[in-house]
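Student: Quick one: this structure, given as structure tokens, is what I'll be asking you about.
The values are calculated or read from the model by the stated rules, or taken from the named source; none is laboratory data. Quick caveat: nothing in here was measured; it's all calculated off a predicted structure. With ideal geometry, Cβ positions are generated from the backbone for all residues, glycine too; neighbour counts draw on all protein chains shown. Protein only, heavy atoms only, side chains kept; ligands, DNA and RNA dropped before computing areas. Shrake-Rupley method; radii C 1.70, N 1.55, O 1.52, S 1.80 Å.
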Amino acid sequence: MAKGMWKVAFVAASAVALVLPPQRSVTSSKQLVAMTATAEKEVPSVAGGESKLKVAPKLESPPVDSTPQFPKVNGGLLIGNRKLVVVTGASSGLGLYGAMELAKSGEYYVVMACRNVERSEAIAKEMGFPPNSYTVVKLELGSFDSVRNFVFNLKAFKGPRALDRLVCNAAVYLPTDPKPRFTEDGFEMSMGVNHLGHFLLVQLLLGDLKRSTRDPRVIIVGSITGNQNTVGGGLVYPRADLGKLDGFKAGPGFEMADGGKFFGAKAYKDSKVCNMMTVQELHRRYHDSTGITFSSLYPGCIAETGLFREKRGWFRNAFPYFMKYVTGGYVSEQESGQRLFEVVDSDITTKSGVYWSWNGNAQQVGLYDPFAKEVRGAGGAGGQIFENQYSKSTADEKTAIEMYDLSMKLVGLTEKDVKL
């Protein structure tokens, strides 16, 4: 197939998948609870590894549960001389496989920050995490109280020692929802979880990271969908657009960052723009004074990840093949974890403010390599890490400054509250 035809096929198929009408409407907490209970019965055992984690339940977005967890203590004895890393969303996909790489390296003690503690502990055990290489601490990013409770529990667990790495990975993607769900604090779920919850978490842990003498780093996972200089971000409808941040200015209850009506696919893309802007603004404000490295990454399209659990069954079945054999953007969960480990640990990735990628920049559809017998060049499997470019809109410093300052207000903080 000619290169131009590949682009057309990719754009058309992606656009259709994003704008098809919703499969179901969830309007009440009772409905969510009932549907979640059904979904949990359908989740298979994770014994056996990666293949078992590919089966997505019908729904994994129950009402926000901010019930506090009783803190664990005396973690210093378990951590020993290893670096301490926190990974959010560490029970599936990129977060799980990245956390596993870190734990198995022997160089890191991993705090898995997850919504469901029991499920996450079972997954870590059955996936073969080494004993005494990790602990699971509850984190519900859809609740500012839960974020603060997590920080309290983390400090109680680690004691006076510093935090060496923070990986903000967890995300929700709700493209089929006809109307918005909201966090406990009244924010649209995609923006509330993907951006604001992580934003508050980073602010509350900057002081602990600054105290590290072991190359402290904050990594916030980005996405090509938020970068308009890529196929997925620039050609696939809808585009990310924060507008004049009228939603942020309105405060809790806004549906979209630009003040418009809810559109699930765009809400996710907007949140990813905020993630990448936050990395750049943290770098400008704090890198020189703290020594913390702030970076983002696009690990490739992890087509089997639970991020797509809200999509229809036919889409979840076909999407991995489409990304692997047509666009070339596919990367396995295992390789994505290795890529995250590289950004967390490598001497190559010590530069701050950078957006890291592999195997092409996803600005074109991949091309078939007859020698490797696979499609390459669109950010998918293989290739070497490189410093990618933010799109013009994502690198807009004026908007980033305003977004950052408004985010501080939305999470209830001032500059004086950031303890360095």
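Student: Given (1) surrounded by fewer than 21 Cβ atoms within 10 Å (Cβ to Cβ); (2) in contact with a helix residue (DSSP H, G or I) (Cβ under 7 Å, 6 or more places away or on another chain), identify the lone condition not met by GLY142.
Tutor: (1)
Student: One residue is enough: does the range 380-391 have a residue meeting the conditions open to solvent by less than 70 Å² (accessible area, probe 1.4 Å), at pLDDT below 90 and aliphatic (A, V, I, L, M)?
Tutor: yes
Student: Is one or more of the residues making up the range 160-182 touching a Phe, Trp or Tyr at 6+ places or on another chain (Cβ under 9 Å) and more than 30 Å from LYS249 (Cβ to Cβ)?
Tutor: Yes, some residue in the range 160-182 is touching a Phe, Trp or Tyr at 6+ places or on another chain (Cβ under 9 Å) and more than 30 Å from LYS249 (Cβ to Cβ).
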